[in-house]
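Enquirer: Got a structure here, written out as structure tokens. Questions coming.
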Amino acid sequence: MQHKDQPDQKLCIACKEPIHENASLCPHCGTPQHQSKWHYFTLSLKWIGGFTAILSLVIVANQTQELLGQWQNTQETVNERVERAKLQWEIGDFTGAFQQLKQALELDPSSSEARKFEVELAMEQLRRIMAADERYKPLEQFDTIKDNQLGLVLYRGAVSASDKERATILAHLGWLDILRHRSGIEGLNIDLHFSKALELDPNNLYANVMWGSWIPKRFNPAEYTEDKIALSRKYFARALQQNTQRRYVRTLQILAYQKHDLELLRIGHEMSQSGEFPELQPYPTRPFVDLISQAHPRKRSWEVLTQQFSLQELLTLTEWLLAEYPDLEDESGVYASQQRKEALYYAKGRILVEMGKDRNALDAFLKSQSLFIERIKFTSTRYGEKELQNVINPQLEALAKRLDMPLKPAMVSYGGYPDGSAMASGLENGDLILFFNGIPLHSQSLLPERSSDPTTASIEALRSGKLLTIEFQANRHGINTRQILVPAALWDRETTETQRQQLHQTWINPHETIPPDAG
């Protein structure tokens, strides 16, 4: 039973133990039983702080919204500049495209799209400038190349690029240095760019094709442990294996070998066999022209050809050029001064002799000789004066002995004086003079010297298989001739006109490639 005098009690607000009704502290846990004025002050500060925080958030949100709007506007402008640059690039306006990208990067230097396209644009511009072999030749965009402005763009792009992307960029830096070297800048380590690119990506198309193009250049001062042509051929082969951008690869390959005709021969025939880009296909005939040219040692030219190609390959090459070389169709009459078709038939004859095919070789040599005869019909120059004597005649003479064919030298009219009495009386360039005053003519020395004696003389000349008699004033005949070898039967009086026509067709004009009215 509770006593009335027991003091009133209450429970502690913290530990819930009974304490005196008026106790300000709990004797059990020491917790104050009444809130102080500081408590309400602190509580007020908390409310004020919360309100301030909310207000700050509202202000920051507004500012963020404003900044976000500005950023979005900037990005839209940057994107617009990039799109404009792409349009200008498509129409070939590189200067305008670079200007658009410059403005875009001024607005947002961190724009990855603008940076990336700037690098692509720089590389595309470099690829469009083909590095021909002539040095100091004026270049497109000369200032950007000489001042290395494109290089700055590429180096900046290489920093953040992947290995494959960096390899492509390094290859273009090498190409840029080729162009700078061509502009007269010395001391550039061009090969280093390509070697580093291939370390990163051995199959990189641009590194392979650009290095392959640089190695055989005449003005490449670098020394290599391997033959330059063989080495560059390896890089081009690796680029062609990828079967992408083949036109670009072939274009650089052909440019690279402009001074290397034998390699161009190989490439041209390879392209012909695969049907690639006939408009790009090279048809180099210089190695064959060298065989009959007095300007080049023939023996050395023949040795170079046979060292590079087998006899069967050479035969295939000559037949390919004779069948497909477009310019040969116009090589008749006055246009034949370069002797390309003559040279090809002569080379074919040499090849067939080496292969032991004498009959076929004879046909090839006669075609070469006939082209010479047809050409001199329409030219008054003495071009190739010793060609027959030093080149074709010895081959025909050797063949005739092996084939037991009796040949004799005949005189073909060549470069006669128009005001001479023989030409005025009807003698034409290309006529085969067989008789002088009824006597077989085998040498120019048998013709009379210039004198005051106005003696009348006659010659018998073969033209289109017919034997013509031409009378003229002997002391001023004006005849010039070149010696060729023909069958002895042409001097036989018993030879019929039909037989002479057949011999003429075989030995003088064995093909129908020269139009009768040429010239």
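Conditions tested, residue by residue: (1) surrounded by fewer than 18 Cβ atoms within 10 Å (Cβ to Cβ); (2) under 14 Å from the mean Cα position of the chain (by Cα); (3) on the phi < 0 side of the Ramachandran plot.
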{"position": "PRO216", "(1), (2), (3)": "no, yes, yes"}
{"position": "ALA222", "(1), (2), (3)": "yes, no, yes"}
{"position": "ASP227", "(1), (2), (3)": "yes, no, yes"}
{"position": "ALA230", "(1), (2), (3)": "yes, no, yes"}
{"position": "LYS234", "(1), (2), (3)": "yes, no, yes"}
{"position": "LEU255", "(1), (2), (3)": "yes, yes, yes"}
{"position": "VAL304", "(1), (2), (3)": "yes, no, yes"}
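Enquirer: Also: Would you tally the residues in the range 283-302 being modelled with pLDDT under 75 and either surrounded by 14 or more Cβ atoms within 10 Å (Cβ to Cβ) or not aliphatic (A, V, I, L, M) (or both)?
Expert: 7
Enquirer: Let me ask you something else. Testing THR455 on (1) among the polar types (S, T, N, Q); (2) touching a helix residue (DSSP H, G or I) at 6+ places or on another chain (Cβ under 9 Å); (3) within 27 Å of THR498 (Cβ to Cβ), one condition comes back false. Which one is that?
Expert: Every listed condition holds for THR455 apart from (3).
Enquirer: Among (1) modelled with pLDDT of 95 or more; (2) on the phi > 0 side of the Ramachandran plot, where does ALA207 come up short?
Expert: The one condition ALA207 does not meet is (2).
Enquirer: Still on this model: Scan the range 383-402 and report the pairs whose first residue is closer than 12 Å to GLN483 by Cα and whose second residue is at pLDDT 65 or above and charged (D, E, K, R), with Cβ atoms within less than 8 Å and a gap of 6+ or a chain change.
Expert: GLU385/ARG482; GLU387/GLU342; LEU388/ARG482; GLN389/ARG482
Enquirer: Looking at the range 220-235, I want the residues that are closer than 16 Å to ASN208 by Cα and have a partner that is among the acidic types (Asp, Glu) with Cβ atoms under 6 Å, at least 6 apart or on another chain. Which pairs are those?
Expert: From residues that are closer than 16 Å to ASN208 by Cα, the pairs are ILE229/GLU263.
Enquirer: Would you mind stating whether ARG156 is basic (Lys, Arg), in a helix (DSSP H, G or I), in contact with a Gly (Cβ under 9 Å, 6 or more places away or on another chain) and on the phi < 0 side of the Ramachandran plot?
Expert: For ARG156, the condition - basic (Lys, Arg), in a helix (DSSP H, G or I), in contact with a Gly (Cβ under 9 Å, 6 or more places away or on another chain) and on the phi < 0 side of the Ramachandran plot - is not met.
Enquirer: Evaluate the following for GLN505: is it modelled with pLDDT under 85, out of contact with any Lys or Arg (no Cβ under 6 Å at 6 or more places or on another chain) and assigned to a helix (DSSP H, G or I)?
Expert: yes
Enquirer: Here's a follow-up. Do we have LEU188 as within 18 Å of ARG218 (Cα to Cα) and part of a loop (DSSP other than H, G, I, E, B) here?
Expert: Yes; evaluated as a whole, the condition is true for this residue.
Enquirer: Considering the range 348-374 alone, what residues qualify as being among the small types (Gly, Ala, Ser) and surrounded by fewer than 18 Cβ atoms within 10 Å (Cβ to Cβ)?
Expert: If the condition is that a residue be among the small types (Gly, Ala, Ser) and surrounded by fewer than 18 Cβ atoms within 10 Å (Cβ to Cβ), then GLY356 is the only one that fits.
Enquirer: How many residues does the range 218-260 hold that are part of a loop (DSSP other than H, G, I, E, B), in contact with a Pro (Cβ under 9 Å, 6 or more places away or on another chain) and of a type in the set (Ser, Thr, Tyr)?
Expert: The qualifying residues number 1.
Enquirer: Any chance you could count how many residues in the range 151-177 are buried (at least 20 other Cβ atoms within 10 Å of the Cβ) and more than 27 Å from the chain's Cα centre (by Cα)?
Expert: Adding up the residues that qualify gives 1.
Enquirer: Among (1) buried (at least 17 other Cβ atoms within 10 Å of the Cβ); (2) under 50 Å from the mean Cα position of the chain (by Cα); (3) over 15 Å from ILE508 (Cα atoms), there is one condition GLN444 misses while meeting the rest; what is its number?
Expert: The number of the failed condition is (1).
The values are calculated or read from the model by the stated rules, or taken from the named source; none is laboratory data. The structure presented is a predicted model; accordingly, all values stated were derived computationally and were not measured. Glycine gets a Cβ as well: all are built from the backbone with ideal geometry, and neighbour counts include every protein chain shown.
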